[in-house]
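Heads up, the thing below is written out as structure tokens.
The values are calculated or read from the model by the stated rules, or taken from the named source; none is laboratory data. Predicted model only: the values in this text are computed from it and were never measured. When we count neighbours, we look across all protein chains shown, and the Cβ atoms used for this are built from the backbone with ideal geometry, even at glycine. Surface accessibility is based on the protein's heavy atoms, side chains included, excluding ligands, DNA and RNA. Shrake-Rupley method; radii C 1.70, N 1.55, O 1.52, S 1.80 Å.
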Amino acid sequence: MDLGLAGKLAVVTGASKGIGLGIARAFAREGADVVVTARTAKDVEAAATAIAHEYGVNTRAVVSDVATADGCRAVIDAAAEMGGADIFVSNAGTGSNETVAEAPDEKWQAYWDLHLMAAVRLSRGLADQMDAKGGGAMLMNASICAVQPLWYEPIYNTTKAALLMFGKCLSTEMIKRNIRVNTVNPGLIRTPDWENTARELRGENWQAYLQEVADEHADIRRFGTVEELADFCIFLCSPRASYSVGSAYHVDGGMLKTI
Ligand code: NDP
């Protein structure tokens with residue numbers, strides 16, 4: 001199926017590794033140019049170079065912290081220099097580990113800035129570019145934890161739930177400008193982050209730890225691959241998903257326990 005993404009410009013935050021890198025690669029595979037962003041210069045540059053080399057598309061590496069207004073501005077400016085964004089995927093984020101009783105205000109604020117304000121600031125700026133091109137698509141990468149919290153990360157759960165609501169509010173406003181907004185709630189997706197955690201907890205038996213996590217949480221009894229999630233994401237951002245507006249989609253191997 002031709003997704004109609006060739007020649008589009010996709011902006012993906014947190015695209016130097018894990019899910020964001022998978023999404024950026026999937027867009028490039030379909031012929032889209034990609035703005036690749038994250039904070040660690042060597043990783044962002046390596047990702048942008050590898051994607052350009054492998055798929056023959058234009059890429060731009062933007063080293064920026066999207067939890068700041070200046071970092072978001074740098075991403076918006078880079079997209080403008082490449083002719084303006086058609087697609088925006090708000091992906092940068094990370095898990096947490098705390099109790100409400102002990103976590104300081106600063107930690108709540110940092111996660112709010114990363115999981116919510118990055119999406120607010122970037123969607124505002126990139127929407128003007130999409131407008132100028134006649135429309136576009138945005139995707140919020142929240143989490144199953146936005147609707148089914150894990151006990152050890154209340155800040156993550158709460159800020160991802162805020163992102164989910166933001167996606168819905170943004171959609172109502174943006175569809176008037178021919179910009180479709182949707183949200184994806186992934187379950188367990190195997191990324192370097194999960195593998196590192198497993199190694200820290202179990203050393204050589206790290207694969208067994210991942211299997212236990214999958215057995216406990218996901219009906220399918222395995223982690224999803226980055227590629228399985230990325231294909232779903234790029235479809236939602238493509239013209240093939242033209243009637244999908246303001247929805248949240250779970251890609252979770254049966255982890256969600258409600259209907
Ligand atoms: P990774 O830790 O593998 O990758 C995170 C990416 O985001 C990296 O490129 C990182 O690069 C970047 N990043 C982190 N903070 C910032 C920042 N302040 N500004 C710019 N870039 C930043 O995470 P995953 O791929 O596992 O997760 C990606 C998204 O998917 C997150 O939002 C996560 O919450 C969500 N998710 C993941 C699931 C999973 O099972 N893996 C399940 C559900 C949701 P750098 O550190 O160099 O900035």
Test: Ala52 is under 22 Å from Arg180 (Cα atoms), away from the ligand (no atom under 13 Å from the Cβ), touching a strand residue (DSSP E or B) at 6+ places or on another chain (Cβ under 9 Å) and in the same structural domain as Phe235 (by TED's automatic domain parsing): no
Consider the range 230-259. How many of its residues are outside any helix (DSSP H, G or I), out of contact with any strand residue (DSSP E or B) (no Cβ under 8 Å at 6 or more places or on another chain) and of a type outside the set (A, V, I, L, M, F, W, C)? 4
When Asp86 is evaluated against the numbered criteria (1) of a type in the set (D, E, K, R); (2) touching a Leu at 6+ places or on another chain (Cβ under 8 Å); (3) within 20 Å of Ala46 (Cβ to Cβ), which criterion, by number, is the only one it fails? (3)
So which residues in the range 95-124 are of a type in the set (Asp, Glu), outside any helix (DSSP H, G or I) and open to solvent by less than 60 Å² (accessible area, probe 1.4 Å), if there are any at all? Glu98
Which of the residues that make up the range 146-166 are within 12 Å of the ligand (Cβ to nearest atom) and touching a residue at least 24 places away in the same chain (Cβ under 8 Å)? Ala146, Val147, Gln148, Glu153, Ile155, Tyr156, Thr159, Lys160, Leu163, Leu164
Can you tell me which of Ala85, Ala103, Ala47, Ala80 is touching a residue at least 12 places away in the same chain (Cβ under 8 Å), within 15 Å of the ligand (Cβ to nearest atom) and assigned by TED's automatic domain parsing to the domain that holds Ile234? Ala47
